[in-house]
Amino acid sequence: MSTKRVLLKLSGEALSGDGQSINEKSLVRTAKEIKSACGANVIELAIVIGAGNIWRGAGKSIDRVTADKMGMTATVMNALALCDVLKNEGLKSKVFCAPGVSGFVKNFDRDEAVRCIEKGYIIIFAGGTGNPYFTTDTTAALRAAEIKADVLFKATQVDGIYDDDPKKNEKAVKFDKLTFKEAIDKNLKIMDTEAFSICMQADISISVFDFYKNGNLRKILNGEKIGTKVT
């Protein structure tokens, strides 16, 4: 296959396990899945990491803006952890962070990030957009558009997009394909409306798949029809 530029959206849960917010076994498993997929394909890869393993937002005592700032900071912790484990697997990796979130990593610079991707680095985008009220799904769509990605892969714990939560409703129906308009009109909760809208404007397809089944990332990069594709 020809070189493709891919934005992979990972949830924070991909790094957690055994009651730990960041679990070494889960980290290594995630890094090995990425290494296996990159080894089998000629791709340029960027990653947006969530923070649900560390922080899930405000309760009644914490303001929404403060809670979102805490979440953005937590993505930096996840990005640093993933970056180190990727390096241990022999993969070049760098972290870029939204300005104003952390002084531990480079501030996001689109041109520099693209140059690094072109040199074979796996780029991890942390810190969300740098602003409250935006999720890491929206961040993933925004960064995908900025780096001119060909496709956005959303790694989840289910095997695609359903008309209802398949974990709660055994009669939920899976979609193999959707248009962006259908995804927005049906108010499907797998991604934010803002994320769908950005990708629709930038003409970037989204594929939602089960990342927790070993080998699925490699399969979807090979063009196998798994998960749900939104175009």
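The values are calculated or read from the model by the stated rules, or taken from the named source; none is laboratory data. Being a predicted model, the structure only gives us computed values, none of them experimental. Every residue, glycine among them, receives a Cβ derived from its backbone with ideal geometry; neighbour counts consider all protein chains shown. The protein model used for the area step is the full one, side chains on, heavy atoms only, and it has no ligands, DNA or RNA in it. Shrake-Rupley method; radii C 1.70, N 1.55, O 1.52, S 1.80 Å.
The table below lists the values:
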quantity	calculated
Pairs where the first residue, in the stretch 195-206, is farther than 9 Å from Ala145 by Cα and the second is among the aliphatic types (A, V, I, L, M), C-beta under 6 Å, 6+ apart	Ala195/Ala141; Phe196/Ala183; Phe196/Ile184; Ser205/Val151; Ile206/Leu152; Ile206/Val230
Condition met for Ala155 (in contact with a Ser or Thr (Cβ under 8 Å, 6 or more places away or on another chain), more than 20 Å from Ala113 (Cβ to Cβ) and open to solvent by less than 20 Å² (accessible area, probe 1.4 Å))	yes
Close pairs (6 angstrom Cβ cut-off, 6 or more residues apart or separate chains): assigned to a strand (DSSP E or B) in the stretch 157-178, among the hydroxyl-bearing types (Ser, Thr, Tyr) anywhere	Ile161/Thr228; Lys174/Tyr162; Phe175/Thr228
Residue, surrounded by the most Cβ atoms within 10 Å (Cβ to Cβ), within the stretch 142-151, restricted to residues that are within 14 Å of the chain's Cα centre (by Cα) and assigned to a helix (DSSP H, G or I)	Ala144
Residue in the stretch 52-60 that is at pLDDT below 95, among the aliphatic types (A, V, I, L, M) and over 23 Å from Cys116 (Cβ atoms) present	yes
Hits in the stretch 1-52 - residues which are more than 13 Å from Cys83 (Cα to Cα) and hydroxyl-bearing (Ser, Thr, Tyr)	Ser2, Thr3, Ser11, Ser16, Ser21, Ser26, Ser36
Candidate set: the stretch 1-30, residues that are assigned to a strand (DSSP E or B) and touching a residue at least 60 places away in the same chain (Cβ under 8 Å); chosen: the one farthest from Gly223 (Cα to Cα)	Leu10
Asp68 being among the acidic types (Asp, Glu) and free of Cβ contacts under 8 Å to residues at least 12 places away in the same chain	no
Qualifying position, being modelled with pLDDT of 90 or more and open to solvent by 10 Å² or more (accessible area, probe 1.4 Å), among Thr135, Thr139	Thr135
Residue count, the stretch 213-230 (criterion: surrounded by fewer than 16 Cβ atoms within 10 Å (Cβ to Cβ) and within 22 Å of Thr135 (Cβ to Cβ))	0
Conditions (1) closer than 18 Å to Phe209 by Cβ; (2) of a type outside the set (Asp, Glu); (3) surrounded by 18 or more Cβ atoms within 10 Å (Cβ to Cβ); number of the one not met by Lys32	(3)
The stretch 32-49 residues that are under 17 Å from Ile117 (Cβ atoms), paired with ones that are outside any strand (DSSP E or B) and among the acidic types (Asp, Glu) (beta carbon under 6 Å, 6 or more apart)	Lys35/Glu89
Val48 in contact with a Ser or Thr (Cβ under 7 Å, 6 or more places away or on another chain), open to solvent by less than 10 Å² (accessible area, probe 1.4 Å), at pLDDT 95 or above and not basic (Lys, Arg)	yes
Odd one out for Lys119 among (1) out of contact with any strand residue (DSSP E or B) (no Cβ under 9 Å at 6 or more places or on another chain); (2) of a type in the set (D, E, K, R); (3) touching a residue at least 60 places away in the same chain (Cβ under 8 Å)	(3)
Identity of the residue in the stretch 92-128, assigned to a loop (DSSP other than H, G, I, E, B) and touching a Cys at 6+ places or on another chain (Cβ under 7 Å), that ends up surrounded by the most Cβ atoms within 10 Å (Cβ to Cβ)	Gly127
